[in-house]
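*Asks:* Sharing a structure with you now.
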Amino acid sequence: MDVSFLIVGAALALYGLGALMDRNAGKALRERRYPRIPR
Amino acid sequence: MEIVELFVEYPSGMTITDRASYLRDADQVYPSERLEAILRDIGITEAPPAVSAVIDGVNVRLDSRIDGCFSVGETVALSSPESWFARRLLFFYAPTKDQRQQFGRFCHTIAAAAFLGAVGVWHSTQFWTVESVKLEASLIVGFVITFVRGMHSFRGE
């Protein structure tokens, strides 16, 4: 396997994981700031 | 009767922190009269707050009662996944600010390694073939991606 693709693939995987963490952290923050009020 | 930390968070962003009395037998939290008066006044113009308290080191959600005190509700925590594998990946599912910053540091470490690798390849290559150009380009792209990701992860809330 070409090591060039491996390097870029690993970098993209890291980017994806970071984006996932940011998205989930933002979701948790919104939930905390604007809690759903049960009706 | 125990003293617990009470957090009152309004949707507008205002947060009030106070101490309150917790009666374990009744499973109820009694705020101070001063706090009750403040909540009554703010309640005229504000939407209902989210109230939580730290009891036995656990953050629990409190439900408002008509008499002004609070009853202990569910534990405030994101629902934990059931499977062993999913629990191991919880830091991706519900990361703290510190965990995101640590991930940013890791990304910057990888970015530094990619940068040094690119410099090494640049200096050690005598004949630029397609393979070596591809390797150099991948290291530079890897450096840019991980550096940008690290900067994003370092961003505060």
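The values are calculated or read from the model by the stated rules, or taken from the named source; none is laboratory data. A quick note: this is a predicted structure, and the numbers were derived from the prediction, not measured. Cβ coordinates were reconstructed from backbone atoms using ideal geometry, including for glycine residues, and neighbour counts include every protein chain displayed. Side chains are part of the model used for accessible areas, which takes the heavy atoms of the whole protein and leaves out ligands, DNA and RNA. Shrake-Rupley method; radii C 1.70, N 1.55, O 1.52, S 1.80 Å.
*Asks:* Probe radius 1.4 Å, ligands and nucleic acids left out: can you give me the accessible area buried at the A-B interface, summed over both chains, in Å² to the nearest hundred?
*Replies:* 2300 Å²
*Asks:* Follow-up question, since we're still on this one. Of the GluC sites (Glu not before Pro) in region B:1-64, which ones lie in a loop per DSSP and count no more than 15 other C-beta atoms within 10 Å?
*Replies:* B:Glu46
*Asks:* If amide H atoms are built 1.01 Å from N in the plane of the peptide, which residues on other chains or at least 5 residues away come under 5 Å of the amide H of B:Asp27?
*Replies:* none
*Asks:* Next up: For n ≥ 4 DSSP H runs only, could you compute -39500 (n - 2.57) per run for chain B, divide by its residues and tell me the 222 nm figure to the nearest 500?
*Replies:* -15000 deg cm²/dmol
*Asks:* Can you give the Kirkwood hydrodynamic radius for region B:1-154, in Å, rounded to one decimal and based on Cα pairs?
*Replies:* Taking the inverse mean of 1/r over all distinct Cα pairs, region B:1-154 comes out at 20.1 Å.
*Asks:* Label B:Leu89 and B:Arg155 with points 7 Å out from Cα along Cα→Cβ: what is the distance between them in nm?
*Replies:* So the label points at B:Leu89 and B:Arg155 sit 2.4 nm apart.
*Asks:* For A:Leu12 and B:Thr109, FRET efficiency with R0 = 22 Å and r from the beta-carbon atoms, rounded to 0.05?
*Replies:* Here the calculated transfer efficiency is 0.80.
*Asks:* Determine the shielding of peptide A:16-27 by partner chains: average, over its residues, the number of Cβ atoms on other chains within 10 angstrom of each Cβ.
*Replies:* Partner Cβ neighbours, averaged per residue: 6.
*Asks:* Check B:Ile55: other-chain or 5+ apart residues with amide H under 5 Å from its amide H, H built from backbone geometry?
*Replies:* Hits under the 5 Å cutoff: B:Val60.
*Asks:* What is the helix-to-structure angle for B:97-124, meaning the angle in degrees between its Cα long axis and the longest Cα principal axis of chain B, kept from 0 to 90 and rounded to the nearest 10?
*Replies:* On a 0 to 90 degree scale, this one is about 0.
*Asks:* For the protein assembly as shown, state what percent of all Cα-Cα pairs lands in each successive 5 Å bin, counting from 0 Å until the bin that includes the largest distance.
*Replies:* Computed distribution, short to long bins: 1, 7, 12, 13, 11, 10, 9, 8, 7, 5, 5, 4, 3, 2, 1, 1, 0.
*Asks:* Taking chain B as the reference, fit the longest principal axis to its C-alpha atoms, fit the long axis of helix B:33-43 to the helix C-alpha atoms, and give the angle between the two in degrees, 0 to 90, nearest 10.
*Replies:* In chain B, helix B:33-43 runs at an angle near 70 degrees to the longest axis.
*Asks:* Can you give me the long-range amide H partners of B:Arg19? Hydrogens built in the peptide plane at 1.01 Å from N, cutoff under 5 Å, separation of 5 or more residues or another chain.
*Replies:* Amide H neighbours of B:Arg19: B:Leu6.
*Asks:* Which part of region B:111-135 falls in the paramagnetic zone of A:Phe5, meaning amide N under 15 Å from the point 7 Å along Cα-to-beta-carbon?
*Replies:* Inside the label zone: B:131, B:134-135.
*Asks:* Could you please report the charge total around B:Tyr22, scoring K, R as +1 and D, E as -1 over all other residues with beta-carbon less than 11 angstrom from its beta-carbon?
*Replies:* Net local charge, B:Tyr22 excluded: -3.
*Asks:* Quick one: what are the phi-derived ³J(HN,Hα) couplings along region B:134-150, Karplus 6.51/-1.76/1.60 with θ = phi - 60°, whole Hz, x for glycine and proline?
*Replies:* Residue by residue, region B:134-150 yields 5, 5, 4, 4, 5, 5, 5, 4, x, 4, 4, 4, 6, 5, 5, 4, x Hz.
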